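The structure under discussion appears below in the form of structure tokens.
The values are calculated or read from the model by the stated rules, or taken from the named source; none is laboratory data. Computed from a predicted structure; not experimentally measured. All Cβ positions, glycine included, derive from the backbone under ideal geometry; neighbour counts span all protein chains shown.
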């Protein structure tokens, strides 16, 4: 009996259990969030009047666009952080590439025991909490932190340098968090590089720089693109880094959602900002999926 | 060139590793500082570690985090395995596109958006039919299991795809029934990836601050939530000690795991 049941329905169970779970706890929440973003804010519990509701009076649907209009009217408070998120995420990606490329190169070119050790060293931060590593960074960058103390003690500076709550602290945090994500795809494409190509080029008299420009860089380009997408997409929506390391000049959308929700208790506006954040990442995400499909075929 | 790496490349690489490790190592050193002032070194002491064991808030938060981590990682791994099987073994089925969409979108969704949307759903559900009544450990567990299963699916899928299919086919040809073939042939072969998926889901859940903050209720603060509220008050040797313990224990797991993988690869 059990066996027949499994043979007949096991197939369906394997598919519909995860489909059911993810529809209920991932799709439905997004739909509800869209609903809330078109709802009217009010002073009650919960603090909004649902746009779409099924009540005693039947189904009603009355969307209001106030939240999006509010975001537009107060663009300095909402759209400026959106631009800021893109700017900070973009330059963080560039910085990650700047350091990750040499790291990936070195790992790809080193011999076996060292290569494994370096790979574990890259992976280890990826497994440990970003929150704790950001905290460790604060200890370094604070006005009375390790770097300033050292520079003061050495007599290089007279007053502490302001490093916290600047673009510099955001980039440091992003580097600390996302370097491994950039290194892994770069490593994967550099390690496949055929040595014979490089030797042939060198034998024919190419200089190191020419070899890099004409062979290594073009062949590692898929890794560069994959790494940039892997860093940029989560960096745009980052909350912990701007919250702990950034000041008012480094406001990002992830933090704005948090503030609107927890401090201002304006849920519809928080939902509308979340929709804008999704709109920002959707282009790179679609591009990443398209790239992925190309790579497989 | 072949193997030698230009000096400039090596220098930048070493600076890169420095960025990854110097902050954490400095923090670990200062966790043994006797002074309450964070940056003034006043001698070696382990008193901050001793104080941790008397901090009830931290201990209960740790207990909750571990409980949520274990249960959500288990759900994640089971569902991740189902998703992986569906994608690798069933060539086409109705809803494949939908499943591939909902199983990959959580990987790229900003945490603040996931957390907010889930909370809004939980509240709407509570208003409609009374479940979940309030938010607490169970809602955090559901939220963590939801994004954890997508990561678990990726890990298991890779292994399942690379696996030698002929072993399964041979077992079926010899008359083995599907569930039996799966349990005795497939499962042991993909076990390393299942363990890796579980560990990944566990650490994702254990480290998560943003989603947990949205879907937690009063009295269900996890360890990252407690640490975050302490960090906002400033740097303290006590947090240095907690962070050091957490990072060291996770690192020990990672090193152990990579040693196991290396040994397995060495045997091949």
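Of all the numbered requirements in (1) surrounded by fewer than 15 Cβ atoms within 10 Å (Cβ to Cβ); (2) more than 11 Å from chain A (Cβ to nearest Cβ), residue B:61 misses one, and that requirement is (1). Residue under question is residue B:92, and the condition is that it be free of Cβ contacts under 8 Å to residues at least 60 places away in the same chain and in a helix (DSSP H, G or I); does it hold? For residue B:92, the condition - free of Cβ contacts under 8 Å to residues at least 60 places away in the same chain and in a helix (DSSP H, G or I) - is not met.
Only one entry of A:153, A:105 meets the criterion of being in the same structural domain as residue A:219 (by TED's automatic domain parsing), at pLDDT 90 or above, part of a helix (DSSP H, G or I) and farther than 22 Å from residue B:252 by Cα, and that entry is A:105. Counting only helices (runs of 4 or more DSSP H) wholly contained in the range B:161-268, the ones carrying 2 or more residues that are within 12 Å of another protein chain (Cβ to nearest Cβ) and touching a residue at least 24 places away in the same chain (Cβ under 8 Å) occupy B:187-207, B:210-215, B:223-232, B:237-267. Restricted to the range A:205-286, the set of helices (runs of 4 or more DSSP H) holding at least 2 residues that are more than 15 Å from the chain's Cα centre (by Cα) and touching a residue at least 24 places away in the same chain (Cβ under 8 Å) comprises A:217-236, A:240-245. Looking only at the range B:83-107, residues that are surrounded by 20 or more Cβ atoms within 10 Å (Cβ to Cβ), closer than 11 Å to residue B:150 by Cα and within 8 Å of chain A (Cβ to nearest Cβ) come to 4 in all. Within the range A:116-150, the residues that satisfy the criterion of being facing chain B (nearest Cβ under 7 Å), over 26 Å from the mean Cα position of the chain (by Cα) and either surrounded by fewer than 17 Cβ atoms within 10 Å (Cβ to Cβ) or part of a helix (DSSP H, G or I) (or both) are A:116, A:144, A:146, A:149.
The residue that is surrounded by the most Cβ atoms within 10 Å (Cβ to Cβ), counting only those in the range A:25-50 that are in contact (Cβ under 8 Å) with a residue 12 or more places away in the chain, within 12 Å of chain B (Cβ to nearest Cβ) and over 27 Å from the mean Cα position of the chain (by Cα), is A:39. Does the range B:140-152 include one or more residues that are within 14 Å of another protein chain (Cβ to nearest Cβ), in contact with a helix residue (DSSP H, G or I) (Cβ under 8 Å, 6 or more places away or on another chain) and more than 15 Å from residue B:74 (Cα to Cα)? Checked against the condition, which is being within 14 Å of another protein chain (Cβ to nearest Cβ), in contact with a helix residue (DSSP H, G or I) (Cβ under 8 Å, 6 or more places away or on another chain) and more than 15 Å from residue B:74 (Cα to Cα), the range B:140-152 yields no hits at all.
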